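The values are calculated or read from the model by the stated rules, or taken from the named source; none is laboratory data. Because the structure is predicted, anything quoted here is derived from the model rather than measured. All Cβ positions, glycine included, derive from the backbone under ideal geometry; neighbour counts span all protein chains shown. With ligands, DNA and RNA removed, areas are computed over all heavy atoms of the protein, side chains included. Shrake-Rupley method; radii C 1.70, N 1.55, O 1.52, S 1.80 Å.
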Amino acid sequence: MAQITLSDLAHTYASNGTTDSDFALKAMNHVWQEGGAYALLGPSGCGKTTLLNIISGLIMPSQGRVLFDGADVTNLPAEKRNIAQVFQFPVVYDTMTVRENLAFPLKNRGLTRAAVQARVGLIAGMIGLEDILDRKARGLTTDAKQKISLGRGMVRESVNAILFDEPLTVIDPHLKWELRTQLKSLHRELGHTMIYVTHDQIEALTFADTVVMMHEGRVLQMGTPESLFETPAHTFVGHFIGSPGMNFLDATIEGNTAVIDGQRISLNAHYRTALGHTQVGIRPEYVEFTAEEGLPVVIQHIEDVGHRRIVHALVGETPIAVSVQEGQPFDTSMNRVRFVPGKINIYSDSWRVQGEAF
Amino acid sequence: MAKIQNNRAWFLVLPVLVLVAFSAVIPLMTVVNYAFNDTFGNNQFFWNGLGWFEEMVRSERLHAALGRQMLFTGTILAIEVPLGIFIALNMPKKGFWASLCLVLMALPLLIPFNVVGTIWQIFCRVDIGLLGRFMAALGVDYNYTNDAFDAWVTLIVMDVWHWTSLVALLCYAGLQSIPEAYYQAARIDQANRWDIFRHIELPKMSGVLLIAVLLRFIDSFMIYTEPFVVTGGGPGNSTTFLSIDLVKMAIGQFDLGPAAAFSLMYFLVILLVSWVFYTVMVTRDSGEGT
């Protein structure tokens with residue numbers, strides 16, 4: 001287990017990247033705590049796998065340093081870093097049995113027979129591979145193969161970190177849930193530093209203590225699942241997290257009021273007159289329909305997703321989504337919306353602005 | 001809805017039947033005819049039963065040719081398969097050099113068989129050939145026209161030169177299909193070079209490798225043109241392989257009956273080996289799962 005420090009780290013796949021857009025990963029400084037469960041979340045091509053491979057040593061960064069517990073490992077290759085990594089598609093050694101697959105990384109490190117057996121037995125029990133331990137890996141289902149990959153990733157006791165690169169992509173949906181829960185409890189039991197790359201917000205939010213939200217090679221926000229939901233640092237985070245994502249409405253901010261489409265809304269905090277393009281951000285979950293007060297809306301269509309309805313409406317020209325829980329009042333006379341006070345975020349040029357208390 | 005029965009649809013198969021009959025069945029049947037009959041010309045045939053087959057199975061001449069054939073096929077497989085794998089493993093993976101290697105490797109495969117024979121026949125001649133003269137200048141007593149061992153070496157080197165590329169290219173294709181993640185996982189598992197070969201590369205190559213071995217087996221087991229051009233089966237009978245012997249028997253001596261029985265058995269042996277390979281390949285694939 002180790003604390004991982006990324007110091008002025010950046011990476012470009014071009015031979016000599018100069019402009020900002022050449023960099024798959026823009027300069028970043030982060031410290032990742034020992035024993036933490038981290039999720040790297042972002043859309044395809046945002047640089048999350050690049051960052052993961054830099055940490056594991058499969059890619060040498062163009063600039064900056066990677067430190068494990070303060071020791072510089074930037075120039076160490078993957079095999080010397082003592083990390084484990086699980087890939088998107090199952091990697092199993094077809095010629096070996098499941099048991100041999102799990103034992104392979106331990107054997108290569110010269111563990112005694114007894115130690116290997118004990119560890120393999122423990123991990124196989126944890127992820128439910130006991131029944132097939134003596135079968136050949138060839139011919140197993142994709143699910144089982146990916147379980148073997150996960151097992152091989154977790155079998156080593158003293159690793160600095162375990163890295164997962166979208167490991168559940170190939171798993172059946174019903175098993176996904178089960179494995180995700182297992183991973184979470186394994187993290188609790190084993191206590192390893194774990195970094196989990198995914199583009200699936202549910203996976204990230206359920207697995208990680210700290211979610212690292214990435215976009216276009218930049219870390220936009222690093223925080224608890226709750227903070228990403230409640231106070232997205234960037235409009236992209238607001239859009240990406242949540243289903244549907246956060247609503248953004250152009251507004252002018254004057255102290256503790258926001259003016260949207262000529263309507264005044266009072267805010268819970270005081271903002272210095274923000275420059276640039278200012279927006280109000282509000283989650284669909286924190287918008288309520290009312291009959292008298294609030295912003296007038298024109299309802300476009302309603303999606304019923306079972307336990308709630310999602311109402312798509314227009315405020316002036318701007319679309320807004322409203323999540324109406326079961327049992328919440330909603331009828332045709334209600335054509336205005338109000339925002340739950342304290343749940344409103346203010347953005348200036350896409351970045352969140354912190355308000356000051358009165 | 002009632003199923004419509006219309007047996008006239010069988011007529012649609014007729015063109016294929018005619019084509020196959022003329023291209024394969026009828027020629028084969030004439031051979032079968034010769035194999036079970038004796039003839040003294042004038043298209044008069046006398047039933048001979050299994051006589052020719054019995055004669056051929058007991059023929060020491062055929063045994064010797066079969067022995068030479070198996071030695072030759074075994075030797076070239078033992079050289080070409082490991083060499084082809086070795087070359088494939090060491091070829092550049094991508095970029096200009098990869099393309100260049102592929103083109104250079106493919107060249108020997110594009111040369112017509114008797115041109116290959118002619119090239120080596122001249123190249124190795126002691127009087128005018130580059131290699132022959134060079135060996136003589138080095139003081140090596142090399143002459144493929146009167147030394148059986150030299151003739152064998154020449155034929156084996158020629159076959160290796162001609163066909164190793166095929167094995168290498170097939171293995172290369174197999175290697176290219178291995179996802180990068182396998183190598184990355186192996187690095188992280190601290191696998192050594194042998195383990196990577198044994199547990200990643202070889203299993204992933206095994207399908208194409210089996211095809212390569214099958215193709216090389218069939219081709220070398222039927223080899224005729226190149227040794228015929230280079231040594232003509234000599235010196236003596238030392239490089240007379242099955243095909244060469246068959247042609248000598250059928251066209252040289254005009255022993256059509258024994259030659260026909262010989263060719264049928266020859267054909268069945270190749271069919272049998274191909275079937276074994278096919279069965280192995282199919283059962284292997286069905287064990288693969290998803």
*Name the pairs: first residue in segment A:167-192 and without any contact (Cβ under 8 Å) to a residue 60 or more places away in the chain and among the hydrophobic types (A, V, I, L, M, F, W, C), second residue open to solvent by less than 40 Å² (accessible area, probe 1.4 Å) and part of a loop (DSSP other than H, G, I, E, B), Cβ to Cβ under 7 Å, at least 6 apart or on different chains?*
A:L179/A:L168; A:L179/A:I171
_Can you tell me which condition A:S348 does not meet? The list is (1) more than 30 Å from the chain's Cα centre (by Cα); (2) more than 15 Å from A:P284 (Cβ to Cβ); (3) not aliphatic (A, V, I, L, M), and all the others hold._
(1)
*Tally time: how many residues in segment A:18-49 are in contact (Cβ under 8 Å) with a residue 60 or more places away in the chain and open to solvent by less than 70 Å² (accessible area, probe 1.4 Å)?*
20
*For A:G255, state whether it is assigned by TED's automatic domain parsing to the domain that holds A:S56 and either open to solvent by 20 Å² or more (accessible area, probe 1.4 Å) or not aliphatic (A, V, I, L, M) (or both).*
no
*Kindly indicate which of B:T164, B:T145, B:T154, B:T118 is in contact (Cβ under 8 Å) with a residue 24 or more places away in the chain, farther than 17 Å from B:G233 by Cα and β-branched (V, I, T).*
B:T164
*Tally the residues that are out of contact with any Gly (no Cβ under 6 Å at 6 or more places or on another chain) and touching a residue at least 24 places away in the same chain (Cβ under 8 Å), restricting the search to segment B:232-261.*
14
*Kindly provide the set of residues from segment A:298-334 that are open to solvent by 60 Å² or more (accessible area, probe 1.4 Å) and in a strand (DSSP E or B), ordered by number.*
A:V298, A:I299, A:Q300, A:H301, A:I302, A:E303, A:D304, A:R309, A:P319, A:Q325
*asked:* Given the criterion touching a residue at least 60 places away in the same chain (Cβ under 8 Å), facing chain B (nearest Cβ under 10 Å) and over 21 Å from the mean Cα position of the chain (by Cα), identify the matching residue among A:P90, A:P105, A:P77.
replied: A:P90
*Residues B:L175, B:L242, B:L214, B:L246: which one is more than 14 Å from chain A (Cβ to nearest Cβ), within 30 Å of A:I59 (Cβ to Cβ) and open to solvent by less than 40 Å² (accessible area, probe 1.4 Å)?*
B:L175
*Do we find that B:T145 is open to solvent by 60 Å² or more (accessible area, probe 1.4 Å), β-branched (V, I, T) and within 29 Å of B:A65 (Cα to Cα) in this structure?*
yes
_Total residues in segment A:117-157, condition of a type in the set (S, T, Y) and within 26 Å of A:A78 (Cβ to Cβ)_ = 2
